[in-house]
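What follows is one structure encoded as structure tokens, with my remarks underneath.
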Amino acid sequence: MSATPPGPSTRPPLSPRHWPVWLGVGLCVALARLPWSLQVMLGRGLGPVLGRVLRSRRQVAARNIALCFPELDAPAQAKLLRESFRQLGIGLFEFARAWWGSVTPMQGKVVVEGLEHLQAAQTGGRGVIIVSGHFVTLELAARLMCDYAPLAGMYRPHATGPMEWAVRKGRMRYASAMFTREELRPALRHLKQGGLLWFAPDQDTRRGDSVYVPFFGQTAHSLTSTHQLARLSGAAVLGFAHVRDPDGRYRLRLTPALPGFPSADAVADTARVMALIETLVRAAPTQYLWIHRRFKRQPGQPDDALYQ
């Protein structure tokens, strides 16, 4: 049922050309083990630095916020942009801690809601697809939720071999299985056997079947993956909200299963999934990953037309 986890039979890539990447991985592992209070402080300081250094990404984030929140005036949009980078700085430490560190400091501050929706969806041994978006908290939230439900994940592999090996091994410390986007058959088998599969289908990617549907009132090129997986496996679809509160608590909430999903209409189903993710984003806009070119493809326009 599971994809093969890294282990003795899966050797890490150790050729000299990978050594610089391994040094970076080693630094990340060391940072993952700093005290959490120090990580939060460093992350809040790192965020504004990233905003200045990653100038093109800051411009993308600013444009996304302007497109998605036209009702906000310029000062309010600028405030949201600044805070999103502060949250991103903290989120980088959360990613590292989820993969290679300890979550003991967070486990006593977790509030979980909606497990009854998951139990209802699993009636009769039905598999469940748990949908979220690309929030800065997504990796740590997934690890924390694994204390309450055996999640498997679907993900896009890292481009560099050492990073892919290290991250996958880190994820297999808590996930029941990990599937790349190309591992459709084992993912479907996992769902058909009553498994739980978490993934975030909210980014524009050139791989996989996609359609144009609304997202924050804009036209967004969106994967039909949720519709396809549910149609082929018979799985239910739930939303997964995860927020880090100012007091340090992590609120993890599962929403009720989407009724009548999947339908025979891939476009309509994908629009429903994007509407669900939009609702999650509106509840925690500062913790969403705005630096992705979400609207880079538009009908009849060259790529990135909205970012020029």
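The values are calculated or read from the model by the stated rules, or taken from the named source; none is laboratory data. Quick caveat, the model's predicted, so the values are computed rather than measured. Virtual Cβ from ideal backbone geometry, glycine too; neighbours counted across all protein chains shown.
Some points to look at:
- Any hit, segment 254-276, residues being assigned to a strand (DSSP E or B), touching a residue at least 60 places away in the same chain (Cβ under 8 Å) and under 27 Å from GLN77 (Cα atoms): no
- Unique residue being touching a residue at least 60 places away in the same chain (Cβ under 8 Å) and exposed (fewer than 14 other Cβ atoms within 10 Å of the Cβ) when the list is GLY133, GLY91, GLY125: GLY125
- Any hit, segment 265-283, residues being surrounded by 23 or more Cβ atoms within 10 Å (Cβ to Cβ) and farther than 18 Å from LEU223 by Cα: no
- Subset tally (residues that are touching a strand residue (DSSP E or B) at 6+ places or on another chain (Cβ under 7 Å), more than 20 Å from GLN287 (Cβ to Cβ) and not hydroxyl-bearing (Ser, Thr, Tyr)) for segment 136-152: 3
- When segment 203-220 is filtered for residues that are out of contact with any Phe, Trp or Tyr (no Cβ under 7 Å at 6 or more places or on another chain), at pLDDT 95 or above and not β-branched (Val, Ile, Thr), the ones remaining, listed by number, are TYR212, PRO214, PHE215, PHE216, GLY217.
- Screening segment 110-128 for residues that are in contact with a helix residue (DSSP H, G or I) (Cβ under 6 Å, 6 or more places away or on another chain) and outside any loop (DSSP other than H, G, I, E, B) and picking the one that is nearest to LEU88 (Cα to Cα) gives VAL110.
- Residue in segment 181-202 that is modelled with the lowest pLDDT, counting only those that are closer than 30 Å to PRO70 by Cβ and of a type in the set (A, V, I, L, M, F, W, C): PHE199
- Residue that is surrounded by the fewest Cβ atoms within 10 Å (Cβ to Cβ) [pool: residues in segment 50-69 that are in contact (Cβ under 8 Å) with a residue 40 or more places away in the chain and of a type outside the set (A, V, I, L, M, F, W, C)]: GLN59
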